[in-house]
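Quick notes on the structure that follows.
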Amino acid sequence: MNRIFLSFLGLGSFKREKDKYEYDPIIYELNGQKSKETEFVQVAEIETLGAEQFDKIVIVATQRSYDSHFANLREQLRIAGAKNILHIIIGEEMSSEGQWRWLERILDFIDPGDQLTVDLTHGYRSIPIVFSAAINFLQKAKNVILHSVLYGAYDKAKDLGFAPIVDMKDFYIINEWADAVSRLVEDADVRKMAQVAEKTSGFQAGELNDQAIVRAFQDLTNTVRNVDVNSIGEKANTALRLIEAKEKEASTTGKILLKLVMDKFTSITTDEPMSGKYDQPYFMLQLEIISLLIEHKLFMQAYTVMREFIGSIGMIEKAKVRSAEGRKRRRRFAEVFVSMMQFPENEWDFKGQAKVDRGKLMPYYNKLKTLGIESILREFSNDLTDYRNGFDHAWTLKGQAPEDIDERGAVFFKKLDEVIQRLLENGVLH
């Protein structure tokens, strides 16, 4: 890892009496320490931070700014203790292509994992602005550690007698918030938001930096992605209750972020505690979970939940969801019921306990058959199970994953919804 100080060298102001560009000498202050008078903010920063803190000093300049100031700047940096002073000459072309070229030249000087201190005080036209936007890219693509983003407030010198240098690093956390929001909206994943909240300053959506909310975010996401379907509603309720309490006193930024979480996960909360039975609220919540997983292309999880959904339909008259006896009975009857739907009756070949359990399911099975529900389930159960098994075996038995996973998932979801509506209409599900 290299510790890099990167700065941009501009022209300064034009002095008519001297017929050249110059920077005015001034005293700067950083972290309560004042520098010697200098025309270069970079010298003040190296002096106050300590030249030993950096392995490389990189100065980015146009040919004109290099010719005008670099020799003087380099000499003053050396006096301040800097040793490895490098420069990059970039063009003055303002087109997108031109700016992209010089940006790539700068990126070549920064290696993965480097620690970066950037000074954005000076520079030719939009150069500091463009690089400021590129900082997020460096953090993501090269895992660069952003140590400081410095700016010398020259205009304040008229009032203070010196120019304060401010560290704007905290503002760049907004890039991480943007990434966190993207993950939430695109992937229903709040883990990044929880991570960013843990290191956010109090004035930047600090209300999210609450260990109870962070744990609730993490629990909810892990529950969704681990397909713990019988716990998702409870976890969502816990998280959203905490969010609602925080939202009342949240900052503007915090309210935006909290509302995103609420909008994303409200559909999988429950107004009342679940009964613990395979009833209408249970299946409606399962459908919402499946919809959420499909929407965010978590197809492996979605197909797993849909396959288990069919098994749950076989349990409507059998047991409670979370009791020890209920789990024991589910292991027996749900799997048998799925097999009954998956294979035609003339291909049933149940043996031992499975044969006994199939016999106990027959009255319920015949009821579904009479109501036309069995035929709907049979229509897609085998295909659904085949897709789910493909995920389970990483498609090693299929050559490759099919290209219609998302389309078929939507079809299977629609069929499951139709089955639940039929069960409700006929009084089988309460």
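The values are calculated or read from the model by the stated rules, or taken from the named source; none is laboratory data. These numbers were taken from a predicted model, which means no experiment stands behind them. Cβ coordinates were reconstructed from backbone atoms using ideal geometry, including for glycine residues, and neighbour counts include every protein chain displayed.
Numbers at a glance
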{"item": "Criterion violated by Arg3 - all others in (1) among the basic types (Lys, Arg); (2) under 25 Å from Leu138 (Cβ atoms); (3) loosely packed, with under 14 Cβ neighbours inside 10 Å; (4) in contact with a strand residue (DSSP E or B) (Cβ under 6 Å, 6 or more places away or on another chain) satisfied", "result": "(3)"}
{"item": "Residues within the stretch 24-54 that are part of a loop (DSSP other than H, G, I, E, B) and more than 14 Å from Leu77 (Cβ to Cβ), tallied", "result": "6"}
{"item": "Only listed residue being of a type in the set (A, V, I, L, M), modelled with pLDDT of 95 or more and either closer than 21 Å to Lys20 by Cα or surrounded by 14 or more Cβ atoms within 10 Å (Cβ to Cβ) (or both), chosen from Ile57, Ile90", "result": "Ile57"}
{"item": "Count of the stretch 215-229 residues which are under 15 Å from Lys264 (Cβ atoms) and basic (Lys, Arg)", "result": "1"}
{"item": "Meets criteria (under 15 Å from Ala334 (Cβ atoms) and surrounded by fewer than 11 Cβ atoms within 10 Å (Cβ to Cβ)) for Gln400", "result": "no"}
{"item": "Verdict on Gln211 being surrounded by fewer than 15 Cβ atoms within 10 Å (Cβ to Cβ) and either in contact with a strand residue (DSSP E or B) (Cβ under 8 Å, 6 or more places away or on another chain) or modelled with pLDDT of 75 or more (or both)", "result": "yes"}
{"item": "Condition check for Leu384: more than 19 Å from Ile290 (Cα to Cα) and part of a helix (DSSP H, G or I)", "result": "no"}
{"item": "Selection status of Gly113, surrounded by fewer than 14 Cβ atoms within 10 Å (Cβ to Cβ), over 30 Å from Lys18 (Cα atoms) and either in contact (Cβ under 8 Å) with a residue 40 or more places away in the chain or not assigned by TED's automatic domain parsing to the domain that holds Ser13 (or both)", "result": "yes"}
{"item": "Residues satisfying the stated conditions in the stretch 221-279, i.e. among the basic types (Lys, Arg) and in contact (Cβ under 8 Å) with a residue 60 or more places away in the chain", "result": "Arg225, Lys264"}
{"item": "Check on Ile59, in contact with a His (Cβ under 6 Å, 6 or more places away or on another chain), in contact (Cβ under 8 Å) with a residue 24 or more places away in the chain and more than 19 Å from Met168 (Cβ to Cβ)", "result": "yes"}
